[in-house]
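Below is one structure, written out as structure tokens; the observations come after it.
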Amino acid sequence: EAQVTQNPRYLITVTGKKLTVTCSQNMNHEYMSWYRQDPGLGLRQIYYSMNVEVTDKGDVPEGYKVSRKEKRNFPLILESPSPNQTSLYFCASSLSPTPPGNTEAFFGQGTRLTVV
Amino acid sequence: AQSVSQHNHHVILSEAASLELGCNYSYGGTVNLFWYVQYPGQHLQLLLKYFSGDPLVKGIKGFEAEFIKSKFSFNLRKPSVQWSDTAEYFCAVTLNTGGFKTIFGAGTRLFVKA
């Protein structure tokens, strides 16, 4: 079954304690993204990756890191989480970001992060 | 700065009413346009997309959207909504800026009364 898997689904952590949210897709997609969803703000792109070892900043990259060492995995790293990073996070992947490739994005189930 | 605006944050309709959700973007270059739906407690799913060609695109579940380039708009429509359309709807734009950044609107919460 084609899917994007995020872990964990829920996480409560303390300020400053490094954490990683994993994202894995089994569709051989090239384009992967991380978003955070906050009430009234919609989804805001944190980082995206065009392919292995190719990453770029989205609209809200501050406080986050990503890596793309393998095509299927795109972890999101918070080196020193702060309360303003409390949010719902989604990972997404698509075969291509633009035509003629298939651009439909598949989303993971989300990770609800609380930083206290 | 590039942005996507959705005009209505909350919409309440009765079943069988017609729906139109507005979406405008600010970017002068090439764009790919999308509408996604998020049902309560679920992740986003693609409703429809536009890249080129016929500006009227049809998606799943009876939804359609019209791209009007001169107005930088991509409004979503459905002639007759159902209770099961209750969800949050997001307009999104992928920009070709050298990379491919994607910008989402703030979303529109639709509640359909049975």
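The values are calculated or read from the model by the stated rules, or taken from the named source; none is laboratory data. Predicted model only: the values in this text are computed from it and were never measured. Don't worry about glycine lacking a Cβ; one is built from the backbone with ideal geometry, like all the others, and counts go over all protein chains shown. With ligands, DNA and RNA removed, areas are computed over all heavy atoms of the protein, side chains included. Shrake-Rupley method; radii C 1.70, N 1.55, O 1.52, S 1.80 Å.
Quick notes on this one:
- Between B:PHE51 and B:ASN96, the simple spin-label model (points 7 angstrom out along Cα→Cβ) gives 1.0 nm.
- Taken along its principal axes, the alpha carbon cloud of the protein assembly as shown reaches lengths of 50, 38, 38 Å, longest axis first.
- Length released on extending from B:GLN82 to B:SER70, taking residue separation times 0.36 nm less the Cα-Cα span: 1.2 nm
- The mean sequence distance of close C-alpha pairs (under 8 Å, at least 6 residues apart), as a share of the length of chain B, puts its relative contact order at 37 percent.
- Solvent-accessible area lost in complex, 50 Å² minimum, residues of the range A:38-52 relative to chain alone, 1.4 Å: A:LEU43
- For the protein assembly as shown, the solvent-accessible area works out to 47 Å² per residue, with a probe of 1.4 Å and every protein chain left in place.
- Point-to-point label distance, B:TYR39-A:THR20, nm (Cα→Cβ direction, 7 Å offset): 3.4
- Evaluated at q = 0.11, 0.17, 0.21 Å⁻¹, the base-10 log of the normalised Debye intensity for the range A:2-107, with identical point scatterers placed on the Cα atoms, takes the values -0.31, -0.75, -1.12.
- Rolling a 1.4 Å probe over the protein heavy atoms of chain A, with every protein chain left in place, gives an accessible area that is 52 percent carbon and sulfur.
- Residue with peak Gaussian network fluctuation, chain A [Cα springs, cutoff 10 Å], from A:PRO75, A:PRO83, A:PRO39: A:PRO39
- Comparing A:TYR48, A:TYR35, A:TYR64 in a Gaussian network model of chain A where C-alpha atoms under 10 Å apart are linked, the largest mean-square fluctuation is found at A:TYR64.
- Residue pairs exceeding 28 angstrom between C-alpha atoms, taken from A:LYS71/B:LYS78; A:LYS57/B:LYS58; A:LYS18/B:LYS49; A:LYS71/B:LYS101; A:LYS69/B:LYS49: A:LYS71/B:LYS78; A:LYS57/B:LYS58; A:LYS18/B:LYS49; A:LYS69/B:LYS49.
- Chain B packed on chain A takes about 1800 Å² of accessible surface away from a 1.4 Å probe, both sides summed.
- Among beta bridges that DSSP assigns inside the protein assembly as shown, antiparallel share in %, nearest 5: 90
- Given +1 at the Cβ of Lys and Arg, -1 at the Cβ of Asp and Glu and no other charges, the dipole of chain A around its Cα centre is 340 debye to the nearest 20.
- Dipole of the range B:58-103 computed with +1 at Lys/Arg Cβ and -1 at Asp/Glu Cβ about the Cα centre; of B:GLY99, B:LEU76, B:THR86, farthest Cα towards the positive end is B:GLY99.
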